[in-house]
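One structure below.
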Amino acid sequence: MNASLWWMLTGLALWLLGLHGLLTLRQALRRIIAVNLMGSGVFLLLIALALRSRPLDPLPVALVVTGLVVAVSATALALRLVNGLAQGGDQP
């Protein structure tokens, strides 16, 4: 088994673990963590696919960097929404 296949299987395992958490957990914070775990699995899979191509394809790397920025922003928004709901929901 080569290294890129190992990283692809690890990314798939992370995605499946996050999907399991998303479907079974009820707490909002844990569901946010599960979605982030799924995103990390997809990023790992994209990087492993980029490593398989010779010469190195810059498009999946650029997609992962952009995805990381979007994931951090979406996580911050989700945490703010959960915090607002926990404090009463009607506050601006």
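The values are calculated or read from the model by the stated rules, or taken from the named source; none is laboratory data. Values in this document were obtained by computation on a predicted structure and should not be read as measured data. Note that each Cβ is placed from the backbone with ideal geometry, even for glycine, and that neighbours are counted across all protein chains shown.
Ser40: at pLDDT 95 or above, in a helix (DSSP H, G or I) and either buried (at least 18 other Cβ atoms within 10 Å of the Cβ) or among the polar types (S, T, N, Q) (or both), yes or no? Walk me through how you get there before you give the answer.
Details: at pLDDT 95 or above: yes; in a helix (DSSP H, G or I): yes; either buried (at least 18 other Cβ atoms within 10 Å of the Cβ) or among the polar types (S, T, N, Q) (or both): yes.
Yes.
Please go through (1) touching a residue at least 12 places away in the same chain (Cβ under 8 Å); (2) more than 11 Å from the chain's Cα centre (by Cα); (3) under 20 Å from Ala74 (Cα atoms) for Arg30 and return the number of the only condition it doesn't satisfy.
Arg30 satisfies every listed condition except (1).
Can you tell me which residues in the stretch 11-51 are of a type outside the set (A, V, I, L, M, F, W, C) and in contact with a Leu (Cβ under 6 Å, 6 or more places away or on another chain)?
Gly11, Gly18, Arg31, Ser40, Gly41
Pairs under 7 Å by beta carbon, first residue under 21 Å from Val35 (Cβ atoms) in the stretch 1-20, partner of a type outside the set (A, V, I, L, M) and assigned to a helix (DSSP H, G or I), six or more apart or different chains?
Correct list of pairs: Gly11/Gly41; Leu12/Gly41; Leu14/Ser40; Leu14/Gly41; Trp15/Gly41; Gly18/Gly41.
Checking the structure you have, find out if any residue of the stretch 74-87 is under 21 Å from Thr10 (Cβ atoms), surrounded by 13 or more Cβ atoms within 10 Å (Cβ to Cβ) and small (Gly, Ala, Ser).
no
Here's a check for you: in the stretch 43-73, which residue that is out of contact with any Ser or Thr (no Cβ under 7 Å at 6 or more places or on another chain) and of a type in the set (D, E, K, R) is surrounded by the most Cβ atoms within 10 Å (Cβ to Cβ)?
Asp57
Taking the stretch 67-90 on its own, how many of its residues are of a type outside the set (A, V, I, L, M, F, W, C) and under 15 Å from Gly41 (Cα atoms)?
Counting residues in the stretch 67-90 that are of a type outside the set (A, V, I, L, M, F, W, C) and under 15 Å from Gly41 (Cα atoms) gives 1.
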